[in-house]
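Here's the structure we're looking at; comments come further down.
None of the figures in this text is laboratory data; all of them are computed from the coordinates on show. No experiment lies behind these values; they were computed from the predicted model shown. Ideal geometry is used to build each Cβ from the backbone, glycine not excepted, and the neighbour counts take in all protein chains shown.
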Amino acid sequence: MKHIITAAALAATLGVGAASQALAEGKTHYVAVHVNQNDPKVMNMALNNVQNLTRYYEAQGDAAVVEVVAYGPGLNMLIPGKSPVADRISAMSLENEQLSFSACGNTHRKMSEKAGKNVALMEEAAIVPSGVVRLVELQEQGFSYVRP
């Protein structure tokens, strides 16, 4: 059973000044968002999730570090000219320094081979060796996992 400590109880225990400082510092939440479908609804839902959780935590005095990991058909989310959410990604990246986008290197390599040329990615995207491995690594580092 979780114990809930109210601000008043914390103030009484720590002293008013220490309680205010402890509450003001907030907590940082780490979230990995998984996109593996070439579906505008899924991509928009993922970005909606990012915006909603970021706003919620900021309103609580907390912060959120979010990494969106795209692989398989979901990599289209990060390809200029193909991405139905390119404008949102660009705008959100400018507004939120704690938001990053990872592109699966395996998928990117296969797409490039099929196209006969290097497939360009949005400047907001960073290539990771494997999208699945990246999701595992993030969860091992304590990131919460979200799949829209």
Placing each pseudo-label 7 Å from Cα in the direction of the beta carbon, Asn48 and Asp87 end up separated by a distance in nanometres of 1.8 nm
When Tyr71, Tyr56 are arranged by how many other beta-carbons sit within 10 Å of their Cβ, fewest first, they go Tyr56, Tyr71
Pseudo-spin-label distance Lys27 to Ala59, built 7 Å along Cα→Cβ, given in nm, is 1.8 nm
Computed ³J(HN,Hα) along the stretch 32-49: with the Karplus parameters 6.51/-1.76/1.60, θ = phi - 60°, integer Hz and x for glycine or proline, the list is 10, 10, 9, 10, 9, 10, 8, 9, x, 5, 5, 4, 5, 4, 4, 5, 4, 4
Neighbour-count ranking for Phe101, Phe143 (other C-beta within 10 angstrom, fewest to most) reads Phe143, Phe101
With x for Gly and Pro, the residue-by-residue ³J(HN,Hα) of the stretch 127-143, computed from phi through the Karplus equation 6.51 cos²θ - 1.76 cosθ + 1.60 at θ = phi - 60° and given in whole Hz, is 7, 10, x, 8, x, 5, 4, 4, 4, 5, 4, 4, 5, 5, 8, x, 5
quick shape note, the stretch 27-146: Cα extents on principal axes in Å, largest first -> 49, 30, 22
The set of residues whose placed amide H lies less than 5 Å from the amide H of Ala64, leaving out same-chain residues fewer than 5 positions away, is His29
In the stretch 27-146 the DSSP beta bridges are antiparallel at a rate, in percent to nearest 5, of 0 percent
Quick note on Val69, Val146, Val42, ordering by fewest other C-beta atoms within 10 Å, gives Val146, Val42, Val69
